[in-house]
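The values are calculated or read from the model by the stated rules, or taken from the named source; none is laboratory data. All values derive from a computational prediction rather than experimental measurement. Cβ sites come from the backbone with ideal geometry, for glycine too, and all protein chains shown count toward neighbours. The area values use the complete protein model at the heavy-atom level, side chains included, leaving out ligands, DNA and RNA. Shrake-Rupley method; radii C 1.70, N 1.55, O 1.52, S 1.80 Å.
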Amino acid sequence: MKQFTGIGQTFEHLRKSAESGLSIGFVPTMGALHDGHLNLIRRSKQENDLTVCSIFVNPIQFNNKEDLAKYPRTLERDSLLLEELGCDIVFVPEADEMYPESEPVDLNLDFGMLDKVMEGKFRPGHFNGVAIVVKKLFDIVQPTRAYFGKKDFQQLAVIKYLVKTLNLPVEIVPCETVRDPDGLAMSSRNTRLSASDRNLAPGIYKVLQKVRMEAGNISVNELLTWAVRKIEEHPGFRVEYLEIADNETLMPVENWDNLARDVAFVAVFVGDVRLIDNIELF
Ligand code: PAF
C-alpha cells in the first residue's frame, strides 16, 4: 500500500491510473477505522481496480472544538488494517495543505433544507464542512465510485445532492450500516462510552426496530413520544431528536402516507457521547 500526504503527488498518481483505464474506488474517512469502514473498503475492492482511502480529521466540520480535540487519532493501527485488506493507496493530508490560508474556504452551495434539519439543526455548519472536504477530496482522487455508510444517512443525502448539483463524475455507492452483534451501530465514538453505557447503548437500535414494527399502526406522534420515553428510560440517555422523515427530502412526516420512503432518525446523548442511528421503515 502506498501512503501519500501531498495533494499534487496523489492527484498525479491517480490521474495516470485513470488515464490508463483503471477504475478508482474511494472511501473517505476521518480514521479510527472500524468494521463499518472496512466494509466500505471491501466493497470498493470488489468493484474497482484500485481502492483509495483518505484519513483526514476535517477541522471545519466540527462545530465543537472539544469534539475535534477528542476525536481518536490512530493512524498506525488504521494503516495496518488497510494494508491487511489490500487497500492500494491511503491519502493522509495535513490540514494546512487542505486549507491553505491563501484560499477561501467556501462552497457557496444551497442545500435547501437538507443541511438544516436534524443533524444540521443541532450542528450548524457541519454539512457545509463535510461538503467542502468531500468536494476537495473528489477533485484530488478523481474516483469512479465513492462509498458512504447509511449510518450517516443525512450526510449521504447531502453528498448525493452535491454530486447531482455540480454534475460531479462519480457514482455514490450507499452501503448498509454495520452493527455489533448486539445491534449497536459501529462508530468511532463508541470507544468513548463507559462500560455500563456500552451495555445499554444497543437499546437505541432496539427502540428503532420497534418503531419499524409499529409504523402504520399508531400515529406518528404517538410512536415518537413512546420511542423517546423508552430511550430515556436508560439512565443518562437524553434524546436530542427523534424524527420520522422522507428518505430524500429529509423533511419530517406527520402521517404514514408514504411509508415506503420513511426513515426514523435519532440522536442520543449517552453520558457525554453523542450517538446517531437510523432505520428505514419499509
Ligand atoms: O463520514 C466521515 O467520516 C466524514 O464526514 C467524511 C465523509 C470523511 C468527511 O470528512
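Miscellaneous remarks
- Condition check for residue 8: farther than 25 Å from residue 272 by Cβ and open to solvent by 10 Å² or more (accessible area, probe 1.4 Å): yes
- Going through (1) more than 24 Å from residue 194 (Cβ to Cβ); (2) part of a loop (DSSP other than H, G, I, E, B); (3) open to solvent by 50 Å² or more (accessible area, probe 1.4 Å) one by one, residue 226 falls short only on (2).
- In the set 181, 174, 169, only one residue is within 13 Å of the ligand (Cβ to nearest atom) and either among the aliphatic types (A, V, I, L, M) or not in a helix (DSSP H, G or I) (or both); that residue is 174.
- Scanning segment 23-47 for residues that are of a type in the set (A, V, I, L, M) and either surrounded by fewer than 21 Cβ atoms within 10 Å (Cβ to Cβ) or free of Cβ contacts under 8 Å to residues at least 24 places away in the same chain (or both) returns 30, 32, 38.
- For beta carbons closer than 7 Å, sequence separation of 6+ or different chains, a first residue in segment 48-72 that is under 22 Å from residue 142 (Cβ atoms) and a second that is of a type in the set (S, T, N, Q) and open to solvent by 40 Å² or more (accessible area, probe 1.4 Å), the qualifying pairs are 48/144.
- Scope segment 139-161; condition within 11 Å of the ligand (Cβ to nearest atom) and either assigned to a helix (DSSP H, G or I) or not small (Gly, Ala, Ser) (or both); matching residues: 147, 148, 151, 152, 154, 155, 156, 158, 159
- Members of segment 182-212 found to be under 21 Å from the mean Cα position of the chain (by Cα), among the polar types (S, T, N, Q) and either buried (at least 16 other Cβ atoms within 10 Å of the Cβ) or closer than 24 Å to residue 74 by Cα (or both), listed by number: 187, 188, 190, 191
- Of all the criteria given as (1) in a loop (DSSP other than H, G, I, E, B); (2) buried (at least 19 other Cβ atoms within 10 Å of the Cβ); (3) not small (Gly, Ala, Ser), the one not satisfied by residue 234 is (2).
- On the stretch given as segment 11-22, residues that are open to solvent by 40 Å² or more (accessible area, probe 1.4 Å) and either touching a residue at least 12 places away in the same chain (Cβ under 8 Å) or assigned to a loop (DSSP other than H, G, I, E, B) (or both) total 7.
- Matching option when the condition is touching a Ser or Thr at 6+ places or on another chain (Cβ under 9 Å) and within 30 Å of residue 141 (Cβ to Cβ), among 275, 250: 275
- Taking the criterion of being open to solvent by less than 40 Å² (accessible area, probe 1.4 Å) and assigned to a helix (DSSP H, G or I), the residues of segment 103-137 that qualify are 119, 120, 126, 127, 129, 130, 131, 132, 133, 134, 137.
- For segment 240-282, a tally of residues being without any contact (Cβ under 8 Å) to a residue 40 or more places away in the chain and closer than 12 Å to residue 207 by Cα returns 1.
- For segment 23-61, filtered to residues that are part of a strand (DSSP E or B) and of a type in the set (Gly, Ala, Ser), the residue that is nearest to residue 133 (Cα to Cα) is 54.
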